[in-house]
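Undergrad: Okay, here's the structure, questions in a sec.
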Amino acid sequence: AKNNGKGHCAFYTPEQTERIVNRIGAEHALRHAIDNREFLLHYQPRVNAATGELTSMEALVRWAHPLRGMVSPGEFIPLAEETGLIVQIGEIVIDQACAQIAAWQNQQLQAVPVSVNVSPKQFAHADLKSVLMSSLARHGVAPELLELEITESCMLQDSQKVAQDIDAIKSCGIRVAVDDFGTGYSSLAQLQRLDLDVLKVDQAFTRELANGETGEAFFMTIVSMAHILGMHVVAEGVETTEQLQVLQALGCNEVQGYLISRPVPAGEATHFLVRRKLF
Ligand code: C2E
Ligand code: CA
Ligand code: CA
Ligand code: CA
């Protein structure tokens with residue numbers, strides 16, 4: 001039974017009960033996956049928009065479920081964020097990314113920075129900096145080879161604390177990017193105050209580029225604003241050569257998307273480090 005807020009007592013409907021039971025089951029499965037380390041990373045290259053040269057790779061987590069196969073992050077990151085389990089999953093992701101950078105360096109390949117996605121709860125967590133530093137140290141990786149992608153929702157909390165957290169991470173040599181830019185509520189004042197390195201423009205805006213002038217004008221405005229603030233601009237979700245050409249003309253620094261490559265397992269991503277020029 002639950003209290004419906006009016007002083008009466010109501011019962012959960014069968015649908016509500018099912019949802020709760022499912023959720024408890026899902027959370028239990030996620031905890032089990034953490035204990036069993038059932039997560040692995042795929043990598044998607046980011047390239048210089050003008051030259052096609054590899055600039056970095058984004059690590060994207062997958063849950064290698066023994067029965068369900070490869071589960072995409074959209075299916076478990078929201079629950080992980082809600083339950084706080086994202087902190088542990090995030091540690092696994094950071095550690096695997098550092099291990100992979102070290103593995104590439106041991107293969108005598110010229111490493112590029114790897115960016116990892118960080119959720120709001122994980123970003124606000126007091127241990128993030130020490131988790132980062134200990135993973136880097138454990139694998140002997142330079143902090144310059146790691147980048148964090150935070151969303152605008154990470155920047156919604158107490159703005160002074162956010163600025164301090166970003167500065168603390170940056171003072172270690174780790175770069176910080178804003179992910180999915182344009183979908184959240186960050187203000188120009190906030191962007192100016194925060195010392196961010198990279199602005200990743202959400203794929204929704206890249207999609208608009210095919211549909212005429214307003215999409216282009218919007219993108220152009222973001223590019224010039226970012227450049228004034230000293231940030232690199234990355235267009236996400238680039239799927240067509242038409243989009244690439246517009247982005248090149250607008251002076252967008254880097255592109256990422258299916259046109260270049262889908263996210264691939266580490267073994268395949270090794271080829272990007274060998275080829276270097278991806279278009
Ligand atoms: P995101 O950080 O915005 O990552 C980009 C997503 O768009 C990825 O989906 C990628 O596969 C997909 N994508 C890349 N290029 C294209 C394209 O050209 N077209 C289209 N339609 N899609 C493209 P994915 O791998 O399913 O990840 C989804 C989201 O899950 C990520 O969005 C990110 O928010 C979250 N996520 C992934 N890995 C992690 C992680 O390790 N930690 C946290 N906290 N979140 C993660
Ligand atoms: Ca991202
Ligand atoms: Ca994104
Ligand atoms: Ca996204």
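The values are calculated or read from the model by the stated rules, or taken from the named source; none is laboratory data. From a predicted model like this one, the values you see are computed outputs, not experimental measurements. Neighbour counts are summed over all protein chains in view; Cβ atoms, including those assigned to glycine, are modelled from backbone coordinates with ideal geometry.
Undergrad: Just wondering, is there one or more residues in the range 157-175 that are closer than 21 Å to residue 56 by Cα, free of Cβ contacts under 8 Å to residues at least 60 places away in the same chain and in a strand (DSSP E or B)?
TA: The answer is no; no qualifying residue exists.
Undergrad: Quick one: residue 104 ticks every box in (1) buried (at least 18 other Cβ atoms within 10 Å of the Cβ); (2) under 20 Å from the mean Cα position of the chain (by Cα); (3) within 23 Å of residue 269 (Cα to Cα); (4) not small (Gly, Ala, Ser) except a single one, so which number is it?
TA: (2)
Undergrad: Of the residues 223, 264, 246, 233, which is more than 30 Å from residue 171 (Cβ to Cβ), touching a Cys at 6+ places or on another chain (Cβ under 9 Å) and either touching a residue at least 24 places away in the same chain (Cβ under 8 Å) or surrounded by 18 or more Cβ atoms within 10 Å (Cβ to Cβ) (or both)? If you could, list the steps in order and put the result at the bottom.
TA: Details: 223 fails: more than 30 Å from residue 171 (Cβ to Cβ); 264 fails: touching a Cys at 6+ places or on another chain (Cβ under 9 Å); 233 fails: more than 30 Å from residue 171 (Cβ to Cβ).
Exactly one of 223, 264, 246, 233 is more than 30 Å from residue 171 (Cβ to Cβ), touching a Cys at 6+ places or on another chain (Cβ under 9 Å) and either touching a residue at least 24 places away in the same chain (Cβ under 8 Å) or surrounded by 18 or more Cβ atoms within 10 Å (Cβ to Cβ) (or both), namely 246.
Undergrad: Same structure, new question: Given the conditions (1) surrounded by fewer than 17 Cβ atoms within 10 Å (Cβ to Cβ); (2) out of contact with any helix residue (DSSP H, G or I) (no Cβ under 7 Å at 6 or more places or on another chain); (3) modelled with pLDDT of 95 or more, and given that residue 93 satisfies all but one, which numbered condition is not satisfied?
TA: (1)
Undergrad: Residue check: is residue 183 under 19 Å from residue 55 (Cβ atoms), touching an Asp or Glu at 6+ places or on another chain (Cβ under 8 Å), within 16 Å of ligand 4 (Cβ to nearest atom) and of a type in the set (Ser, Thr, Tyr)?
TA: Judged against the criteria, residue 183 is not a match.
Undergrad: Of the residues 116, 112, 93, only one is outside any helix (DSSP H, G or I), in contact (Cβ under 8 Å) with a residue 12 or more places away in the chain and within 16 Å of ligand 3 (Cβ to nearest atom); which?
TA: 116
Undergrad: Can you pull out the residues in the range 193-217 that are out of contact with any helix residue (DSSP H, G or I) (no Cβ under 9 Å at 6 or more places or on another chain) and over 12 Å from residue 237 (Cβ atoms)? Lay out the reasoning, then the answer.
TA: Initially, the range 193-217 is screened for residues out of contact with any helix residue (DSSP H, G or I) (no Cβ under 9 Å at 6 or more places or on another chain), giving 200, 202-204, 211-213, 217.
Scanning the range 193-217 gives 211, 212, 213, 217.
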